[in-house]
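Visitor: First, the structure itself, so that you have it in front of you.
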Amino acid sequence: MFTKSLPSFFTICNLFLGIISIILVFHEKPDYAAIMVIVAMLTDGLDGRVARALNVQSEFGKELDSLSDVISFGVAPAFIMYVVAFQEMNEPLAWMITALFPICGALRLARFNVVEAVPGYFIGLPIPAAGGVLATLALFHNELSTVVLAIVTVMLALLMISTVKYPSFKKVGIPKAAIWITPIIVVVAVVLAVLFPGQISKIIMIPLVFYAIWGLKKNVRIVRFLARRRKKKSVDEESYQESR
(Lines give C-alpha, C1' and ligand atoms only; values in the text may rest on other atoms or scores of the structure.)
Protein backbone atom coordinates (compact mmCIF):
# COMPACT_ATOMS: atom_id res chain seq x y z
CA MET A 1 0.00 0.00 0.00
CA PHE A 2 2.78 2.43 0.98
CA THR A 3 4.71 1.60 -2.17
CA LYS A 4 1.75 2.45 -4.40
CA SER A 5 1.16 5.70 -2.49
CA LEU A 6 4.77 6.91 -2.56
CA PRO A 7 4.55 8.78 -5.91
CA SER A 8 1.35 10.55 -4.76
CA PHE A 9 3.12 11.44 -1.50
CA PHE A 10 5.75 13.35 -3.50
CA THR A 11 3.03 15.01 -5.59
CA ILE A 12 1.21 16.16 -2.43
CA CYS A 13 4.54 17.46 -1.09
CA ASN A 14 4.82 19.47 -4.31
CA LEU A 15 1.34 20.95 -3.76
CA PHE A 16 2.02 21.62 -0.06
CA LEU A 17 5.23 23.50 -0.87
CA GLY A 18 3.42 25.59 -3.47
CA ILE A 19 0.78 26.64 -0.92
CA ILE A 20 3.47 27.41 1.68
CA SER A 21 5.27 29.51 -0.95
CA ILE A 22 2.15 31.66 -1.43
CA ILE A 23 1.78 32.10 2.33
CA LEU A 24 5.45 33.04 2.75
CA VAL A 25 5.42 35.71 0.07
CA PHE A 26 2.44 37.41 1.71
CA HIS A 27 4.44 37.38 4.96
CA GLU A 28 7.18 39.33 3.12
CA LYS A 29 9.57 36.40 2.86
CA PRO A 30 10.16 36.14 -0.93
CA ASP A 31 13.50 34.34 -0.51
CA TYR A 32 11.85 31.48 1.35
CA ALA A 33 8.86 31.55 -1.02
CA ALA A 34 11.14 31.14 -4.04
CA ILE A 35 13.09 28.30 -2.47
CA MET A 36 9.83 26.46 -1.73
CA VAL A 37 9.13 26.53 -5.48
CA ILE A 38 12.61 25.12 -6.14
CA VAL A 39 12.14 22.27 -3.64
CA ALA A 40 8.71 21.63 -5.18
CA MET A 41 10.53 21.15 -8.50
CA LEU A 42 12.55 18.39 -6.86
CA THR A 43 9.48 16.58 -5.53
CA ASP A 44 7.76 17.05 -8.90
CA GLY A 45 10.71 15.41 -10.62
CA LEU A 46 10.68 12.51 -8.17
CA ASP A 47 7.00 11.53 -8.29
CA GLY A 48 6.98 10.40 -11.93
CA ARG A 49 10.35 8.68 -11.71
CA VAL A 50 9.36 6.80 -8.57
CA ALA A 51 6.05 5.78 -10.20
CA ARG A 52 7.86 4.44 -13.26
CA ALA A 53 10.49 2.66 -11.16
CA LEU A 54 7.77 0.94 -9.10
CA ASN A 55 5.50 0.49 -12.14
CA VAL A 56 2.57 2.14 -10.34
CA GLN A 57 1.66 4.87 -12.88
CA SER A 58 -2.01 5.82 -12.85
CA GLU A 59 -4.41 8.35 -14.36
CA PHE A 60 -5.15 9.57 -10.83
CA GLY A 61 -1.47 10.34 -10.25
CA LYS A 62 -1.21 12.08 -13.61
CA GLU A 63 -4.19 14.37 -12.92
CA LEU A 64 -3.07 15.08 -9.34
CA ASP A 65 0.38 16.01 -10.64
CA SER A 66 -1.07 18.49 -13.14
CA LEU A 67 -3.32 20.15 -10.56
CA SER A 68 -0.41 20.44 -8.13
CA ASP A 69 1.83 21.92 -10.82
CA VAL A 70 -0.68 24.69 -11.57
CA ILE A 71 -0.47 25.82 -7.93
CA SER A 72 3.25 25.30 -7.27
CA PHE A 73 4.66 26.49 -10.61
CA GLY A 74 1.86 28.68 -11.93
CA VAL A 75 0.05 30.49 -9.11
CA ALA A 76 2.88 30.61 -6.54
CA PRO A 77 5.60 32.11 -8.82
CA ALA A 78 3.08 34.60 -10.26
CA PHE A 79 2.15 35.75 -6.74
CA ILE A 80 5.82 36.06 -5.78
CA MET A 81 6.48 38.30 -8.76
CA TYR A 82 3.31 40.31 -8.17
CA VAL A 83 4.05 40.97 -4.50
CA VAL A 84 7.71 41.95 -4.91
CA ALA A 85 7.62 43.76 -8.26
CA PHE A 86 4.22 44.46 -9.80
CA GLN A 87 2.35 46.34 -7.07
CA GLU A 88 3.77 49.67 -8.26
CA MET A 89 2.49 49.08 -11.81
CA ASN A 90 -0.87 50.09 -13.22
CA GLU A 91 -3.21 47.79 -11.28
CA PRO A 92 -5.26 46.27 -14.14
CA LEU A 93 -2.07 45.66 -16.15
CA ALA A 94 -0.36 44.05 -13.15
CA TRP A 95 -3.38 41.81 -12.55
CA MET A 96 -3.54 40.73 -16.19
CA ILE A 97 0.18 39.88 -16.38
CA THR A 98 0.01 38.04 -13.06
CA ALA A 99 -3.05 36.04 -14.18
CA LEU A 100 -1.60 35.31 -17.63
CA PHE A 101 1.22 33.19 -16.24
CA PRO A 102 -0.82 30.52 -14.37
CA ILE A 103 -3.46 30.54 -17.15
CA CYS A 104 -0.83 29.69 -19.77
CA GLY A 105 0.61 27.12 -17.36
CA ALA A 106 -2.80 25.45 -17.04
CA LEU A 107 -3.21 25.42 -20.83
CA ARG A 108 0.28 23.92 -21.18
CA LEU A 109 -0.57 21.12 -18.73
CA ALA A 110 -3.94 20.43 -20.37
CA ARG A 111 -2.25 20.11 -23.75
CA PHE A 112 0.42 17.84 -22.26
CA ASN A 113 -2.28 15.51 -20.90
CA VAL A 114 -4.18 15.11 -24.17
CA VAL A 115 -1.63 15.58 -26.97
CA GLU A 116 0.83 12.81 -27.76
CA ALA A 117 4.34 14.06 -27.01
CA VAL A 118 7.31 13.98 -29.37
CA PRO A 119 9.68 11.27 -28.06
CA GLY A 120 12.47 12.84 -26.01
CA TYR A 121 10.94 16.34 -26.08
CA PHE A 122 8.36 18.56 -24.41
CA ILE A 123 6.25 20.83 -26.60
CA GLY A 124 6.44 24.24 -24.98
CA LEU A 125 8.48 25.25 -21.95
CA PRO A 126 7.56 22.90 -19.05
CA ILE A 127 5.72 24.74 -16.28
CA PRO A 128 8.19 23.69 -13.51
CA ALA A 129 11.05 25.32 -15.45
CA ALA A 130 9.00 28.44 -16.22
CA GLY A 131 7.86 28.71 -12.60
CA GLY A 132 11.37 28.18 -11.30
CA VAL A 133 12.73 30.96 -13.50
CA LEU A 134 9.95 33.36 -12.52
CA ALA A 135 10.18 32.67 -8.78
CA THR A 136 13.96 33.09 -8.65
CA LEU A 137 13.99 36.04 -11.05
CA ALA A 138 11.67 37.88 -8.66
CA LEU A 139 14.55 37.96 -6.15
CA PHE A 140 16.31 40.38 -8.51
CA HIS A 141 13.49 42.94 -8.32
CA ASN A 142 15.89 45.52 -6.87
CA GLU A 143 18.41 45.07 -9.70
CA LEU A 144 15.97 44.78 -12.64
CA SER A 145 13.28 47.25 -13.66
CA THR A 146 9.60 46.38 -13.34
CA VAL A 147 9.22 46.66 -17.13
CA VAL A 148 11.92 44.02 -17.71
CA LEU A 149 10.34 41.68 -15.15
CA ALA A 150 6.90 42.15 -16.73
CA ILE A 151 8.25 41.41 -20.23
CA VAL A 152 10.03 38.27 -19.01
CA THR A 153 6.86 37.10 -17.23
CA VAL A 154 4.85 37.43 -20.45
CA MET A 155 7.59 35.73 -22.49
CA LEU A 156 7.72 32.77 -20.11
CA ALA A 157 3.92 32.47 -20.24
CA LEU A 158 3.92 32.46 -24.04
CA LEU A 159 6.79 29.97 -24.20
CA MET A 160 4.71 27.51 -22.18
CA ILE A 161 1.93 27.50 -24.79
CA SER A 162 4.31 27.70 -27.75
CA THR A 163 5.34 24.80 -30.00
CA VAL A 164 9.01 25.24 -29.12
CA LYS A 165 10.61 21.87 -28.36
CA TYR A 166 12.49 21.39 -25.10
CA PRO A 167 14.47 18.28 -24.19
CA SER A 168 12.82 15.86 -21.80
CA PHE A 169 14.91 14.12 -19.14
CA LYS A 170 12.25 11.56 -18.25
CA LYS A 171 14.50 8.71 -19.35
CA VAL A 172 16.86 9.59 -16.49
CA GLY A 173 15.25 7.22 -13.99
CA ILE A 174 15.80 6.10 -10.41
CA PRO A 175 16.99 2.54 -9.70
CA LYS A 176 14.36 0.64 -7.74
CA ALA A 177 16.90 -0.18 -5.03
CA ALA A 178 17.58 3.54 -4.46
CA ILE A 179 13.96 4.64 -4.03
CA TRP A 180 14.18 4.54 -0.24
CA ILE A 181 16.77 7.34 -0.43
CA THR A 182 14.39 9.78 -2.16
CA PRO A 183 12.59 10.98 1.03
CA ILE A 184 16.00 11.64 2.59
CA ILE A 185 16.98 13.72 -0.47
CA VAL A 186 13.85 15.83 -0.05
CA VAL A 187 14.52 16.38 3.68
CA VAL A 188 18.12 17.41 2.98
CA ALA A 189 16.95 19.75 0.22
CA VAL A 190 14.45 21.41 2.58
CA VAL A 191 17.11 21.86 5.30
CA LEU A 192 19.56 23.44 2.85
CA ALA A 193 16.77 25.61 1.47
CA VAL A 194 15.90 26.95 4.91
CA LEU A 195 19.55 27.60 5.77
CA PHE A 196 20.52 29.28 2.47
CA PRO A 197 17.28 30.45 0.78
CA GLY A 198 18.48 33.41 -1.30
CA GLN A 199 21.80 31.93 -2.40
CA ILE A 200 20.40 28.56 -3.52
CA SER A 201 17.50 30.18 -5.41
CA LYS A 202 19.80 32.47 -7.38
CA ILE A 203 22.21 29.60 -8.19
CA ILE A 204 19.38 27.34 -9.38
CA MET A 205 18.07 30.12 -11.62
CA ILE A 206 21.16 29.97 -13.87
CA PRO A 207 20.60 26.45 -15.35
CA LEU A 208 16.85 27.12 -15.60
CA VAL A 209 17.43 30.27 -17.67
CA PHE A 210 19.89 28.40 -19.91
CA TYR A 211 17.28 25.66 -20.41
CA ALA A 212 14.64 28.19 -21.46
CA ILE A 213 17.06 29.92 -23.86
CA TRP A 214 18.45 26.63 -25.22
CA GLY A 215 15.04 25.61 -26.50
CA LEU A 216 14.62 28.93 -28.30
CA LYS A 217 18.09 28.77 -29.82
CA LYS A 218 17.60 25.23 -31.09
CA ASN A 219 14.25 26.10 -32.68
CA VAL A 220 15.70 29.21 -34.34
CA ARG A 221 18.30 26.93 -35.94
CA ILE A 222 15.57 24.60 -37.20
CA VAL A 223 13.56 27.53 -38.63
CA ARG A 224 16.66 28.85 -40.44
CA PHE A 225 17.42 25.38 -41.80
CA LEU A 226 13.84 24.97 -43.11
CA ALA A 227 13.92 28.47 -44.61
CA ARG A 228 17.18 27.69 -46.45
CA ARG A 229 15.73 24.37 -47.61
CA ARG A 230 12.58 26.05 -48.97
CA LYS A 231 14.70 28.71 -50.67
CA LYS A 232 16.92 26.06 -52.28
CA LYS A 233 13.87 24.11 -53.43
CA SER A 234 12.39 27.27 -54.94
CA VAL A 235 15.65 28.04 -56.79
CA ASP A 236 15.84 24.47 -58.08
CA GLU A 237 12.26 24.66 -59.36
CA GLU A 238 12.95 27.96 -61.10
CA SER A 239 16.09 26.51 -62.72
CA TYR A 240 14.10 23.47 -63.86
CA GLN A 241 11.40 25.70 -65.40
CA GLU A 242 14.02 27.81 -67.20
CA SER A 243 15.75 24.70 -68.56
CA ARG A 244 12.45 23.61 -70.12
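Visitor: Would you check if there is a residue in the stretch 110-125 being modelled with pLDDT under 95, on the phi > 0 side of the Ramachandran plot and not β-branched (Val, Ile, Thr)?
Guide: Of all residues in the stretch 110-125, those modelled with pLDDT under 95 come to 110-125.
Next cut, on the phi > 0 side of the Ramachandran plot only: 120, 124.
When the remaining residues are screened for being not β-branched (Val, Ile, Thr), the result is 120, 124.
The answer is yes; a qualifying residue exists.
Visitor: Which numbered condition in (1) modelled with pLDDT under 95; (2) part of a helix (DSSP H, G or I) is the only one that Ile103 fails?
Guide: (1)
Visitor: Under 22 Å from Ser8 (Cβ atoms), at pLDDT below 95 and of a type in the set (D, E, K, R) - does that describe any residue in the stretch 67-88?
Guide: yes
Visitor: Here is a follow-up. Here's a check for you: in the stretch 161-190, which residue that is modelled with pLDDT of 75 or more and either in contact with a Cys (Cβ under 8 Å, 6 or more places away or on another chain) or of a type in the set (A, V, I, L, M) (or both) is surrounded by the fewest Cβ atoms within 10 Å (Cβ to Cβ)? Step through it out loud before you land on a result.
Guide: Of the residues in the stretch 161-190, the ones modelled with pLDDT of 75 or more are 161-168.
Cutting the leftovers down to either in contact with a Cys (Cβ under 8 Å, 6 or more places away or on another chain) or of a type in the set (A, V, I, L, M) (or both) gives us 161, 164.
Working: Ile161: 18, Val164: 20.
This residue is Ile161.
Visitor: In this structure, is Ala129 under 18 Å from Pro207 (Cα atoms) and of a type in the set (Gly, Ala, Ser)? Step through it out loud before you land on a result.
Guide: Numbers: under 18 Å from Pro207 (Cα atoms): yes; of a type in the set (Gly, Ala, Ser): yes.
Here the answer is yes, as Ala129 does meet what is asked.
Yes/no matrix, rows are residues, columns are (1) surrounded by fewer than 17 Cβ atoms within 10 Å (Cβ to Cβ); (2) within 24 Å of Val152 (Cα to Cα); (3) of a type in the set (A, V, I, L, M); (4) in contact with a helix residue (DSSP H, G or I) (Cβ under 7 Å, 6 or more places away or on another chain):
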{"position": "Asn14", "(1), (2), (3), (4)": "no, no, no, yes"}
{"position": "His27", "(1), (2), (3), (4)": "yes, no, no, no"}
{"position": "Asp31", "(1), (2), (3), (4)": "no, yes, no, yes"}
{"position": "Ile80", "(1), (2), (3), (4)": "no, yes, yes, yes"}
{"position": "Arg108", "(1), (2), (3), (4)": "no, yes, no, yes"}
{"position": "Phe112", "(1), (2), (3), (4)": "no, yes, no, no"}
{"position": "Val115", "(1), (2), (3), (4)": "yes, no, yes, no"}
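Visitor: What single numbered condition from (1) aliphatic (A, V, I, L, M); (2) closer than 26 Å to Val25 by Cβ; (3) buried (at least 17 other Cβ atoms within 10 Å of the Cβ) fails to hold for Ile123?
Guide: Going through (1) aliphatic (A, V, I, L, M); (2) closer than 26 Å to Val25 by Cβ; (3) buried (at least 17 other Cβ atoms within 10 Å of the Cβ) one by one, Ile123 breaks only (2).
Visitor: Being out of contact with any Leu (no Cβ under 9 Å at 6 or more places or on another chain) and among the β-branched types (Val, Ile, Thr) narrows it down to one residue among Ile19, Ile71, Ile12; which is it? Outline the logic, then answer.
Guide: Working: Ile71 fails: out of contact with any Leu (no Cβ under 9 Å at 6 or more places or on another chain); Ile12 fails: out of contact with any Leu (no Cβ under 9 Å at 6 or more places or on another chain).
Result of the check over Ile19, Ile71, Ile12: Ile19.
Visitor: Would the stretch 138-160 turn up any residue that is at pLDDT 70 or above, hydroxyl-bearing (Ser, Thr, Tyr) and either in a helix (DSSP H, G or I) or crowded, with 18+ Cβ neighbours inside 10 Å (or both)? Outline the logic, then answer.
Guide: Step one: of the stretch 138-160, the residues at pLDDT 70 or above are 138-160.
Checking which are hydroxyl-bearing (Ser, Thr, Tyr) leaves us with 145-146, 153.
Now restrict to residues that are either in a helix (DSSP H, G or I) or crowded, with 18+ Cβ neighbours inside 10 Å (or both): 146, 153.
Within the stretch 138-160, one or more residues are at pLDDT 70 or above, hydroxyl-bearing (Ser, Thr, Tyr) and either in a helix (DSSP H, G or I) or crowded, with 18+ Cβ neighbours inside 10 Å (or both).
Visitor: Could you figure out which of (1) surrounded by fewer than 19 Cβ atoms within 10 Å (Cβ to Cβ); (2) farther than 20 Å from Ile204 by Cβ isn't true of Gly45?
Guide: Failed condition: (2).
The values are calculated or read from the model by the stated rules, or taken from the named source; none is laboratory data. Quantities reported herein were computed from a predicted structural model and do not represent experimental measurements. Neighbour counts run over all protein chains shown; Cβ positions are idealised from the backbone, glycine included.
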